[in-house]
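Data block below; observations after.
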Ligand SMILES: Nc1ncnc2c1ncn2[C@@H]1O[C@H](COP(=O)(O)OP(=O)(O)OP(=O)(O)O)[C@@H](O)[C@H]1O
Ligand SMILES: [Mg+2]
């Protein structure tokens, strides 16, 4: 058991928590949810006593042991080792921050099963709705500095919160209607001597009516739009026989494909290292062992790497950070406007990049990509740390992007609404199909091809 008592924490004007009191009980798995930057990782750190809140304290049962898995940007293998360490020795309280981000589907299924059987207290942060539905018995929602706990999984929470919202809207409408009636009466009769007393008493009634102000949610949509400086010509990208071995493992084996105009290609495959390696090669960050690739002369490409911590090591504030990637003539006011649209307004623009949350870093990386104004976008798991609002904004911006997109994502909906073509990297070569993602997943022909290729590789 772990208790948060009277927790409050603010960074400048940004109030993360105020009067938070929660008891997390054994046998329950709490999904901690909230927008990017709401304070999920910070709250886990407070529970783990890594961060001292402004007020309040944390209490745990006597002799209870807490194990933590932090939100990280580690590679798959490191992440698995850290996860194994966290789960080892049956801790009493398990704190997990986005544990599925760097896992493949098999490891995710294994973790779901582990958490399902785990008898002690789990508090887990994740933006993955499917995972949350599988493992959570309760949802703890951070919004407006409060944490509200609901019994049930994510879908249940969503329905309950929608219901609550509708109820509040209906109540407010009743109050507004009543207020309008009173106003009409007062206007008509306040100069009428015989009714003026009634009008006065109604004025008093009107003053008592207060509409409960209804901040629907602190969740917001960033403004994401990629505008290429020029359209792509006919030759986009030709990849010819690319092979790569890393640490003795053949990661890419003789990969060839040609990207066509307006292609939006999802790269699939259970080995995420294969996809990342291919992207690193075509982005010019890694040499292939064999084979070659060629971008067309009209193409300017920009790359969103999955692992981007390296971009945030300097101690710049967000304005300085952004201006590194802006046209030289632009200055602070440009940066402030740009950052505001990416949900860093006012004081936020002066934050240094080392304090940013996972999703805030991704918003910065997307800003950098928007400023590049390229006509070919390469994105490696851009949806990983983003909240639903930001995923939706990114999804729409890529749907409307008129040129070429090469990407990977674990978000089914995101992939499905975007692609005209799927390239799956298997150990025995690629499967390359011009079709929607759903069609690809359902195709018996593709399943058969994959099976044959796996056999061939074994
Ligand atoms: N030392 C600090 N100084 C100022 N602001 C900070 C500091 N540490 C964290 N923040 C801010 O507090 C907010 C909460 O950060 P936190 O990492 O807890 O968010 P989160 O809910 O985990 O978000 P995400 O979903 O993006 O991971 C962010 O806006 C972050 O920039
Ligand atoms: Mg976080």
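The values are calculated or read from the model by the stated rules, or taken from the named source; none is laboratory data. Predicted, not measured: the structure shown is a model, and the values here were computed from it. Please note: Cβ atoms are built from the backbone with ideal geometry, for glycine as well, and neighbour counts cover all protein chains shown.
Here are some notes:
- Check on residue 63, away from ligand 2 (no atom under 16 Å from the Cβ) and assigned to a loop (DSSP other than H, G, I, E, B): yes
- Only one entry in 317, 271 is surrounded by 13 or more Cβ atoms within 10 Å (Cβ to Cβ), more than 23 Å from residue 393 (Cβ to Cβ) and touching a helix residue (DSSP H, G or I) at 6+ places or on another chain (Cβ under 6 Å), namely 317.
- Residue ranges of helices (runs of 4 or more DSSP H) in the range 287-402 with at least 3 members modelled with pLDDT of 95 or more, within 16 Å of ligand 2 (Cβ to nearest atom) and out of contact with any strand residue (DSSP E or B) (no Cβ under 9 Å at 6 or more places or on another chain): 358-372
- Residue 410 meets all of the listed conditions (1) under 30 Å from residue 327 (Cα atoms); (2) part of a loop (DSSP other than H, G, I, E, B) but one, namely (1).
- Put simply, of 36, 21, 101 the only residue that is within 30 Å of residue 389 (Cβ to Cβ), outside any helix (DSSP H, G or I) and modelled with pLDDT under 90 is 101.
- Qualifying residue in the range 17-25 (condition: within 13 Å of ligand 1 (Cβ to nearest atom), in contact (Cβ under 8 Å) with a residue 12 or more places away in the chain and within 22 Å of the chain's Cα centre (by Cα)): yes
- Filtering the range 1-16 to residues that are surrounded by 14 or more Cβ atoms within 10 Å (Cβ to Cβ), within 13 Å of ligand 1 (Cβ to nearest atom) and not in a strand (DSSP E or B) leaves nothing.
Quick grid of which residues meet (1) within 29 Å of residue 111 (Cα to Cα); (2) out of contact with any strand residue (DSSP E or B) (no Cβ under 6 Å at 6 or more places or on another chain); (3) modelled with pLDDT of 95 or more; (4) in the same structural domain as residue 94 (by TED's automatic domain parsing):
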| site | (1), (2), (3), (4) |
| --- | --- |
| 12 | no, yes, no, yes |
| 17 | no, no, yes, yes |
| 28 | yes, no, yes, yes |
| 31 | yes, no, yes, yes |
| 40 | yes, no, yes, yes |
| 52 | no, yes, yes, yes |
| 56 | no, no, yes, yes |
| 61 | yes, yes, no, yes |
